Amino acid sequence: MTAGVFPAASSATADAIVSIQDALVEVLLLQTEYSSSNTPSMQRRGTLIRRDIPRWMESQLGVQPKPKQDGINDLAVEGRDATGLKSRTPWARVHSISRSPRATEGWYVVYLFSEAGDRVYASLNQGTTRWSGGEFRPRPKEELIARVDWARKVLEGELKARQDLLRRIDLQTKGRLGLGYEIGNVAAIEYPLNDVPSEARLADDFRFLTDLLRALYLAEEEALDLPGEPAPEVADAEVAVDQSAGRRARRQGFRLSVEEKLAIEKHAVRVATQFLVSSAGGKWTVKDVGATSSYDLDARRGDERLYVEVKGTTSLGEEVILTRNEVDLHRAQHPNNMLVVVSSIDLDRDVTPPLASGGNVRVESPWLIAEESLSPMAYRYTV
(Lines give C-alpha, C1' and ligand atoms only; values in the text may rest on other atoms or scores of the structure.)
Protein backbone atom coordinates (compact mmCIF):
# COMPACT_ATOMS: atom_id res chain seq x y z
CA MET A 1 0.00 0.00 0.00
CA THR A 2 1.51 3.35 -1.00
CA ALA A 3 2.01 6.07 1.55
CA GLY A 4 -1.04 8.27 2.01
CA VAL A 5 -3.53 5.75 0.59
CA PHE A 6 -6.03 4.14 2.94
CA PRO A 7 -8.47 1.56 1.53
CA ALA A 8 -11.88 1.83 3.11
CA ALA A 9 -11.55 -1.64 4.63
CA SER A 10 -8.53 -0.78 6.79
CA SER A 11 -8.96 -0.16 10.52
CA ALA A 12 -7.78 3.19 11.81
CA THR A 13 -8.36 3.40 15.53
CA ALA A 14 -10.78 5.96 16.86
CA ASP A 15 -8.10 7.81 18.86
CA ALA A 16 -6.10 8.31 15.63
CA ILE A 17 -8.91 10.32 14.01
CA VAL A 18 -8.23 14.03 14.20
CA SER A 19 -10.80 16.81 14.26
CA ILE A 20 -11.53 17.48 10.61
CA GLN A 21 -12.45 21.06 11.44
CA ASP A 22 -9.06 21.65 13.06
CA ALA A 23 -7.21 19.85 10.27
CA LEU A 24 -8.82 21.92 7.51
CA VAL A 25 -8.11 25.17 9.33
CA GLU A 26 -4.49 24.21 9.99
CA VAL A 27 -3.84 23.35 6.35
CA LEU A 28 -5.29 26.71 5.30
CA LEU A 29 -3.02 28.53 7.74
CA LEU A 30 -0.02 26.57 6.48
CA GLN A 31 -0.87 27.58 2.92
CA THR A 32 0.30 31.11 3.81
CA GLU A 33 3.72 29.61 4.60
CA TYR A 34 3.99 27.75 1.32
CA SER A 35 7.41 26.71 0.10
CA SER A 36 8.35 24.35 -2.70
CA SER A 37 10.95 22.92 -0.30
CA ASN A 38 10.20 20.50 2.51
CA THR A 39 10.28 23.08 5.30
CA PRO A 40 8.88 22.27 8.77
CA SER A 41 5.62 23.97 7.77
CA MET A 42 5.38 21.88 4.60
CA GLN A 43 6.24 18.73 6.54
CA ARG A 44 3.34 19.44 8.88
CA ARG A 45 1.04 20.19 5.94
CA GLY A 46 2.09 16.88 4.38
CA THR A 47 1.17 14.97 7.54
CA LEU A 48 -2.28 16.54 7.57
CA ILE A 49 -2.89 16.00 3.86
CA ARG A 50 -1.47 12.50 3.50
CA ARG A 51 -2.41 11.00 6.85
CA ASP A 52 -4.80 12.86 9.14
CA ILE A 53 -7.46 14.09 6.72
CA PRO A 54 -7.56 10.77 4.78
CA ARG A 55 -8.02 8.89 8.06
CA TRP A 56 -11.00 11.05 8.94
CA MET A 57 -12.44 10.57 5.44
CA GLU A 58 -11.95 6.83 5.78
CA SER A 59 -13.81 6.82 9.09
CA GLN A 60 -16.79 8.54 7.46
CA LEU A 61 -17.14 5.94 4.71
CA GLY A 62 -18.38 3.46 7.28
CA VAL A 63 -20.92 5.87 8.80
CA GLN A 64 -23.99 5.44 6.62
CA PRO A 65 -27.67 5.60 7.61
CA LYS A 66 -28.25 2.32 5.76
CA PRO A 67 -26.07 -0.23 3.98
CA LYS A 68 -25.21 0.59 0.40
CA GLN A 69 -26.39 -2.04 -2.07
CA ASP A 70 -25.09 -0.40 -5.23
CA GLY A 71 -22.15 -2.73 -5.73
CA ILE A 72 -19.56 0.01 -5.27
CA ASN A 73 -17.43 -1.65 -2.62
CA ASP A 74 -13.93 -0.41 -3.40
CA LEU A 75 -13.98 3.18 -2.15
CA ALA A 76 -10.63 4.36 -0.81
CA VAL A 77 -9.01 7.63 0.26
CA GLU A 78 -5.68 9.31 -0.38
CA GLY A 79 -3.97 12.66 -0.01
CA ARG A 80 -1.21 14.29 -2.02
CA ASP A 81 0.80 17.45 -1.56
CA ALA A 82 3.81 16.92 -3.79
CA THR A 83 5.07 15.47 -7.01
CA GLY A 84 8.73 16.39 -6.67
CA LEU A 85 8.43 19.96 -5.40
CA LYS A 86 5.67 20.73 -2.92
CA SER A 87 2.36 21.46 -4.58
CA ARG A 88 0.59 24.79 -4.25
CA THR A 89 -2.75 22.98 -4.42
CA PRO A 90 -2.73 20.04 -1.99
CA TRP A 91 -5.69 17.69 -2.00
CA ALA A 92 -7.28 14.70 -0.29
CA ARG A 93 -9.88 12.60 -2.08
CA VAL A 94 -12.27 9.64 -1.84
CA HIS A 95 -12.48 7.52 -4.97
CA SER A 96 -13.21 4.08 -6.38
CA ILE A 97 -10.01 2.07 -6.82
CA SER A 98 -11.28 0.53 -10.07
CA ARG A 99 -13.08 3.55 -11.51
CA SER A 100 -10.54 6.20 -10.54
CA PRO A 101 -7.26 4.43 -9.79
CA ARG A 102 -5.32 7.69 -10.17
CA ALA A 103 -6.26 11.31 -9.59
CA THR A 104 -5.83 11.88 -13.32
CA GLU A 105 -8.72 9.50 -14.08
CA GLY A 106 -12.40 9.32 -13.29
CA TRP A 107 -14.61 11.05 -10.74
CA TYR A 108 -14.01 11.64 -7.04
CA VAL A 109 -14.82 13.84 -4.04
CA VAL A 110 -11.85 15.97 -3.08
CA TYR A 111 -10.85 18.63 -0.56
CA LEU A 112 -9.12 21.43 -2.47
CA PHE A 113 -7.25 24.21 -0.67
CA SER A 114 -6.82 27.68 -2.15
CA GLU A 115 -3.31 28.97 -2.64
CA ALA A 116 -4.02 32.02 -0.46
CA GLY A 117 -5.27 29.81 2.36
CA ASP A 118 -8.56 31.66 2.74
CA ARG A 119 -10.90 28.81 1.74
CA VAL A 120 -11.20 25.09 1.18
CA TYR A 121 -13.70 23.34 -1.07
CA ALA A 122 -15.31 19.94 -0.77
CA SER A 123 -15.75 19.28 -4.49
CA LEU A 124 -17.22 16.59 -6.70
CA ASN A 125 -14.51 16.71 -9.33
CA GLN A 126 -12.59 14.67 -11.90
CA GLY A 127 -9.22 13.86 -13.35
CA THR A 128 -8.20 16.84 -15.45
CA THR A 129 -5.00 15.61 -17.10
CA ARG A 130 -4.09 12.76 -19.43
CA TRP A 131 -0.82 10.86 -19.91
CA SER A 132 0.45 11.64 -23.40
CA GLY A 133 3.89 11.84 -24.95
CA GLY A 134 5.63 10.84 -21.74
CA GLU A 135 3.98 13.48 -19.56
CA PHE A 136 0.67 14.52 -18.02
CA ARG A 137 -1.06 17.07 -20.21
CA PRO A 138 -4.27 19.00 -19.46
CA ARG A 139 -7.45 17.64 -20.93
CA PRO A 140 -8.99 20.07 -23.41
CA LYS A 141 -11.14 22.66 -21.69
CA GLU A 142 -14.08 21.85 -23.95
CA GLU A 143 -13.87 18.18 -22.98
CA LEU A 144 -13.89 18.96 -19.25
CA ILE A 145 -16.86 21.30 -19.67
CA ALA A 146 -18.77 18.62 -21.62
CA ARG A 147 -18.07 16.08 -18.87
CA VAL A 148 -19.24 18.52 -16.18
CA ASP A 149 -22.44 19.18 -18.13
CA TRP A 150 -23.04 15.42 -18.44
CA ALA A 151 -22.52 14.86 -14.70
CA ARG A 152 -24.80 17.76 -13.72
CA LYS A 153 -27.55 16.44 -15.95
CA VAL A 154 -27.23 12.98 -14.38
CA LEU A 155 -27.38 14.46 -10.85
CA GLU A 156 -29.88 17.20 -11.60
CA GLY A 157 -32.44 16.15 -8.99
CA GLU A 158 -29.89 15.67 -6.19
CA LEU A 159 -28.14 18.96 -6.96
CA LYS A 160 -31.40 20.92 -6.75
CA ALA A 161 -31.86 19.66 -3.19
CA ARG A 162 -28.97 21.79 -1.92
CA GLN A 163 -28.89 25.56 -2.25
CA ASP A 164 -25.30 25.90 -1.05
CA LEU A 165 -23.67 24.01 -3.90
CA LEU A 166 -21.31 25.99 -6.10
CA ARG A 167 -20.91 25.48 -9.82
CA ARG A 168 -17.69 27.49 -9.86
CA ILE A 169 -14.73 27.41 -7.51
CA ASP A 170 -11.79 29.80 -7.19
CA LEU A 171 -8.52 28.34 -5.94
CA GLN A 172 -6.74 31.65 -6.57
CA THR A 173 -4.12 29.94 -8.64
CA LYS A 174 -2.39 30.19 -11.98
CA GLY A 175 -1.09 26.64 -11.70
CA ARG A 176 -2.15 24.13 -14.34
CA LEU A 177 -3.47 21.64 -11.78
CA GLY A 178 -5.55 24.16 -9.87
CA LEU A 179 -7.01 25.69 -13.02
CA GLY A 180 -7.98 22.22 -14.20
CA TYR A 181 -9.84 21.56 -10.96
CA GLU A 182 -11.70 24.85 -11.33
CA ILE A 183 -12.96 23.78 -14.75
CA GLY A 184 -13.59 20.17 -13.71
CA ASN A 185 -15.80 20.99 -10.71
CA VAL A 186 -19.29 19.50 -10.86
CA ALA A 187 -20.53 20.80 -7.51
CA ALA A 188 -18.73 22.11 -4.45
CA ILE A 189 -19.26 23.37 -0.94
CA GLU A 190 -17.06 26.27 0.16
CA TYR A 191 -15.63 26.62 3.67
CA PRO A 192 -14.01 30.04 4.33
CA LEU A 193 -11.13 30.07 6.80
CA ASN A 194 -13.08 32.21 9.25
CA ASP A 195 -16.25 30.10 8.97
CA VAL A 196 -15.34 26.40 8.82
CA PRO A 197 -18.48 24.64 10.13
CA SER A 198 -18.88 22.06 12.88
CA GLU A 199 -17.67 18.47 12.75
CA ALA A 200 -21.26 17.26 12.29
CA ARG A 201 -21.90 19.61 9.36
CA LEU A 202 -18.62 18.65 7.70
CA ALA A 203 -19.48 14.98 8.09
CA ASP A 204 -22.97 15.47 6.61
CA ASP A 205 -21.55 17.37 3.64
CA PHE A 206 -18.91 14.72 3.03
CA ARG A 207 -21.44 11.90 3.02
CA PHE A 208 -23.78 13.89 0.76
CA LEU A 209 -21.04 14.39 -1.82
CA THR A 210 -19.97 10.77 -1.52
CA ASP A 211 -23.53 9.69 -2.29
CA LEU A 212 -23.42 11.89 -5.39
CA LEU A 213 -20.16 10.20 -6.36
CA ARG A 214 -21.76 6.76 -6.04
CA ALA A 215 -24.67 7.87 -8.23
CA LEU A 216 -22.23 9.20 -10.82
CA TYR A 217 -20.30 5.92 -10.89
CA LEU A 218 -23.51 3.99 -11.49
CA ALA A 219 -24.60 6.36 -14.26
CA GLU A 220 -21.18 6.08 -15.87
CA GLU A 221 -21.52 2.31 -16.08
CA GLU A 222 -24.79 2.67 -17.98
CA ALA A 223 -23.71 5.55 -20.21
CA LEU A 224 -23.19 4.88 -23.89
CA ASP A 225 -21.51 8.17 -24.71
CA LEU A 226 -19.53 9.84 -21.95
CA PRO A 227 -17.51 12.86 -23.10
CA GLY A 228 -13.80 12.26 -23.01
CA GLU A 229 -14.12 8.49 -22.64
CA PRO A 230 -13.67 5.77 -25.27
CA ALA A 231 -16.63 4.67 -27.35
CA PRO A 232 -18.60 1.81 -25.72
CA GLU A 233 -17.17 -0.87 -28.00
CA VAL A 234 -13.62 0.41 -27.40
CA ALA A 235 -14.15 0.44 -23.64
CA ASP A 236 -15.59 -3.08 -23.78
CA ALA A 237 -12.60 -4.27 -25.79
CA GLU A 238 -10.27 -2.86 -23.15
CA VAL A 239 -12.16 -4.71 -20.43
CA ALA A 240 -12.01 -7.96 -22.43
CA VAL A 241 -8.27 -7.56 -22.99
CA ASP A 242 -7.66 -6.91 -19.29
CA GLN A 243 -9.71 -9.94 -18.32
CA SER A 244 -7.93 -12.17 -20.84
CA ALA A 245 -4.56 -11.01 -19.52
CA GLY A 246 -5.59 -11.73 -15.94
CA ARG A 247 -5.51 -8.07 -14.94
CA ARG A 248 -8.01 -6.02 -12.98
CA ALA A 249 -10.24 -4.38 -15.57
CA ARG A 250 -9.85 -0.64 -16.01
CA ARG A 251 -13.63 -0.32 -16.06
CA GLN A 252 -16.53 -2.06 -14.41
CA GLY A 253 -18.09 -4.67 -16.68
CA PHE A 254 -19.26 -4.11 -20.22
CA ARG A 255 -21.24 -1.11 -21.39
CA LEU A 256 -23.01 -3.00 -24.16
CA SER A 257 -24.80 -6.32 -23.84
CA VAL A 258 -24.51 -8.98 -26.53
CA GLU A 259 -27.99 -8.10 -27.77
CA GLU A 260 -27.17 -4.39 -27.93
CA LYS A 261 -23.96 -5.01 -29.85
CA LEU A 262 -25.84 -7.20 -32.31
CA ALA A 263 -28.53 -4.55 -32.82
CA ILE A 264 -25.90 -1.88 -33.55
CA GLU A 265 -23.93 -4.14 -35.90
CA LYS A 266 -26.99 -5.23 -37.90
CA HIS A 267 -28.25 -1.67 -38.21
CA ALA A 268 -24.85 -0.41 -39.38
CA VAL A 269 -24.71 -3.12 -42.04
CA ARG A 270 -28.21 -2.19 -43.23
CA VAL A 271 -27.25 1.50 -43.44
CA ALA A 272 -23.99 0.73 -45.26
CA THR A 273 -25.79 -1.55 -47.70
CA GLN A 274 -28.39 1.09 -48.46
CA PHE A 275 -25.63 3.60 -49.07
CA LEU A 276 -23.84 1.31 -51.52
CA VAL A 277 -26.94 0.38 -53.55
CA SER A 278 -28.18 3.98 -53.74
CA SER A 279 -27.12 6.39 -56.44
CA ALA A 280 -24.93 8.26 -53.91
CA GLY A 281 -23.00 5.09 -53.17
CA GLY A 282 -22.69 4.06 -56.80
CA LYS A 283 -25.39 1.36 -57.33
CA TRP A 284 -23.35 -1.61 -56.19
CA THR A 285 -24.70 -5.14 -55.83
CA VAL A 286 -24.06 -6.03 -52.20
CA LYS A 287 -23.79 -9.31 -50.31
CA ASP A 288 -23.45 -9.63 -46.52
CA VAL A 289 -20.46 -11.94 -45.85
CA GLY A 290 -19.65 -10.87 -42.31
CA ALA A 291 -20.55 -14.24 -40.78
CA THR A 292 -17.95 -16.12 -42.83
CA SER A 293 -15.28 -13.60 -43.88
CA SER A 294 -12.91 -11.02 -42.39
CA TYR A 295 -14.91 -8.22 -43.98
CA ASP A 296 -18.60 -7.37 -43.89
CA LEU A 297 -19.91 -6.60 -47.36
CA ASP A 298 -18.90 -7.88 -50.78
CA ALA A 299 -19.82 -5.13 -53.25
CA ARG A 300 -19.69 -5.67 -57.02
CA ARG A 301 -20.41 -3.46 -60.01
CA GLY A 302 -19.52 -4.91 -63.39
CA ASP A 303 -15.87 -5.92 -63.21
CA GLU A 304 -15.31 -3.88 -60.05
CA ARG A 305 -15.21 -5.38 -56.56
CA LEU A 306 -15.02 -3.76 -53.14
CA TYR A 307 -14.18 -5.38 -49.81
CA VAL A 308 -16.21 -3.31 -47.34
CA GLU A 309 -15.62 -3.07 -43.60
CA VAL A 310 -18.59 -1.74 -41.60
CA LYS A 311 -18.39 -0.34 -38.08
CA GLY A 312 -21.38 0.89 -36.10
CA THR A 313 -21.23 2.96 -32.93
CA THR A 314 -23.36 5.17 -30.72
CA SER A 315 -20.34 7.46 -30.35
CA LEU A 316 -18.99 10.03 -32.80
CA GLY A 317 -17.01 7.26 -34.46
CA GLU A 318 -13.58 8.74 -33.87
CA GLU A 319 -12.20 5.28 -33.00
CA VAL A 320 -13.12 1.78 -34.14
CA ILE A 321 -11.91 -1.68 -33.16
CA LEU A 322 -10.14 -3.80 -35.78
CA THR A 323 -9.06 -7.41 -35.52
CA ARG A 324 -5.71 -8.56 -36.86
CA ASN A 325 -7.46 -10.50 -39.63
CA GLU A 326 -9.36 -7.39 -40.69
CA VAL A 327 -6.18 -5.33 -40.83
CA ASP A 328 -4.35 -8.01 -42.83
CA LEU A 329 -7.21 -8.44 -45.32
CA HIS A 330 -7.73 -4.75 -46.01
CA ARG A 331 -4.04 -4.11 -46.42
CA ALA A 332 -3.90 -6.95 -48.93
CA GLN A 333 -6.99 -5.77 -50.84
CA HIS A 334 -6.16 -2.06 -50.98
CA PRO A 335 -7.14 -0.09 -53.06
CA ASN A 336 -10.23 -2.23 -53.73
CA ASN A 337 -11.61 -1.71 -50.25
CA MET A 338 -13.78 0.62 -48.23
CA LEU A 339 -14.45 1.56 -44.60
CA VAL A 340 -17.98 2.61 -43.69
CA VAL A 341 -18.48 4.00 -40.18
CA VAL A 342 -22.08 4.53 -39.05
CA SER A 343 -21.76 6.82 -36.03
CA SER A 344 -24.15 8.47 -33.56
CA ILE A 345 -26.56 5.54 -33.76
CA ASP A 346 -29.59 5.83 -31.48
CA LEU A 347 -30.03 2.76 -29.27
CA ASP A 348 -33.34 2.14 -27.51
CA ARG A 349 -32.47 -0.08 -24.55
CA ASP A 350 -35.98 -0.07 -23.13
CA VAL A 351 -37.39 -2.49 -25.69
CA THR A 352 -36.69 -6.20 -26.23
CA PRO A 353 -34.71 -6.80 -28.32
CA PRO A 354 -32.85 -3.44 -28.28
CA LEU A 355 -33.60 -1.26 -31.28
CA ALA A 356 -30.92 0.68 -33.21
CA SER A 357 -31.80 3.50 -35.58
CA GLY A 358 -30.43 6.63 -37.23
CA GLY A 359 -26.75 7.40 -37.52
CA ASN A 360 -24.33 9.32 -39.70
CA VAL A 361 -22.36 7.68 -42.50
CA ARG A 362 -18.63 8.28 -42.98
CA VAL A 363 -16.90 6.57 -45.91
CA GLU A 364 -13.22 6.07 -46.71
CA SER A 365 -12.37 4.42 -50.03
CA PRO A 366 -9.79 3.38 -51.00
CA TRP A 367 -9.06 2.66 -47.35
CA LEU A 368 -5.35 2.72 -46.55
CA ILE A 369 -4.73 1.59 -42.96
CA ALA A 370 -2.00 3.88 -41.68
CA GLU A 371 0.39 2.34 -39.18
CA GLU A 372 0.44 5.49 -37.04
CA SER A 373 -3.35 5.30 -36.68
CA LEU A 374 -3.24 1.81 -35.13
CA SER A 375 -2.93 1.41 -31.37
CA PRO A 376 -2.20 -2.12 -30.14
CA MET A 377 -4.42 -3.16 -27.23
CA ALA A 378 -2.72 -6.50 -26.49
CA TYR A 379 0.02 -8.84 -27.64
CA ARG A 380 0.08 -12.59 -27.98
CA TYR A 381 3.42 -13.81 -26.59
CA THR A 382 4.88 -17.28 -27.13
CA VAL A 383 6.68 -18.51 -24.01
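The values are calculated or read from the model by the stated rules, or taken from the named source; none is laboratory data. Given the structure is predicted, the values throughout are model-derived calculations rather than measurements. Please note: Cβ atoms are built from the backbone with ideal geometry, for glycine as well, and neighbour counts cover all protein chains shown. In case anyone asks, the SASA skips ligands and DNA or RNA and just uses the protein heavy atoms, side chains included. Shrake-Rupley method; radii C 1.70, N 1.55, O 1.52, S 1.80 Å.
Starting from 0.36 nm per residue, how many nanometres of slack lie between D225 and W131 once their C-alpha separation is accounted for? Please list the in-between numbers first.
Details: separation 94, 0.36 × 94 = 33.84 nm, distance 2.14 nm.
Gain in length upon complete extension: 31.7 nm.
One decimal place: the segment Q274-Q43 gains 76.4 nm when fully extended, by the rule 0.36 nm per residue minus the C-alpha distance.
Computed from backbone phi with θ = phi - 60° and the Karplus coefficients 6.51, -1.76 and 1.60, the 3J(HN,Hα) list for the range 263-280 is 4, 5, 4, 5, 5, 4, 5, 4, 5, 5, 4, 4, 4, 5, 7, 7, 5, 5 Hz; x is used for glycine and proline.
With each label modelled as a point 7 angstrom along the Cα→C-beta vector, the E142-S98 pair spans 3.4 nm. Calculated mean residue ellipticity, 222 nm, the chain: -10000 deg cm²/dmol, from DSSP H runs (n ≥ 4) at -39500 (n - 2.57) each, averaged per residue and rounded to 500.
Shape descriptor for the range 19-110: Rg over Rh equals 1.02 (Cα atoms; Rh from the Kirkwood inverse mean 1/r). For the residues K311, K266, K153, a 1.4 Å probe over the protein chains yields an accessible-area ranking, largest first, of K153, K266, K311. Can you tell me the FRET efficiency between L85 and N336 if r is taken as the Cβ-Cβ distance and R0 is 56 Å, rounded to the nearest 0.05? Efficiency at R0 = 56 Å is approximately 0.45. The per residue volume of the convex hull around the alpha-carbon atoms of the range 165-252 is 146 Å³. Applying 1/(1 + (r/R0)^6) with R0 = 45 Å to the Cβ-Cβ distance of K160 and I17 gives a FRET efficiency near 0.85.
Sorted by mean Cβ packing within 10 Å, highest first, what order do the peptides 121-129, 184-192 take? Working shown, then result.
Numbers: 121-129: 24.0, 184-192: 21.3.
In descending order of packing, they fall as 121-129, 184-192.
With all protein chains kept in place, the per residue accessible area of the chain amounts to 52 square angstrom at a probe of 1.4 angstrom. What separates the Cα centres of the range 133-179 and the range 323-342 is a distance of 40 Å. Working from label points 7 Å from Cα in the Cα-to-Cβ sense, the A291 to L218 distance is 4.0 nm.
Sorted by mean Cβ packing within 10 Å, highest first, what order do the peptides 71-78, 287-294, 156-163, 337-344 take? List each step's numbers first, then the result.
Details: 71-78: 19.1, 287-294: 13.1, 156-163: 10.6, 337-344: 22.0.
Top to bottom by mean Cβ count within 10 Å: 337-344, 71-78, 287-294, 156-163.
For the range 320-375, the percent of C-alpha pairs falling in each 10 Å distance bin, counted from 0 to the bin holding the largest distance, reads 20, 39, 25, 15, 1. Peptides 257-263, 113-119 ranked from most to least packed give 113-119, 257-263, packing being the mean of other C-beta atoms within 10 angstrom over each peptide's residues.
Taking amide H positions as modeled 1.01 Å from N, with prolines and chain starts lacking one, the residues under 5 Å from A187 and 5 or more places away or on another chain are L124. About the centre of its Cα atoms, the chain shows a dipole size close to 460 debye [charges on the beta carbon of Lys, Arg (+1) and Asp, Glu (-1) only; nearest 20 debye].
Evaluate E = 1/(1 + (r/R0)^6) for D74 and V361, where r is the Cβ-Cβ distance and R0 equals 56 Å; express this FRET efficiency to the nearest 0.05. Intermediate results must be reported in sequence, preceding the final value.
On the way: r = 41 Å, r/R0 = 0.73.
Computed FRET efficiency for D74 and V361 comes out at 0.85.
Temperature 20 °C, viscosity 1.002 mPa s: under these conditions the Stokes-Einstein estimate for the chain, based on its Kirkwood radius over C-alpha pairs, is 91 µm² per second.
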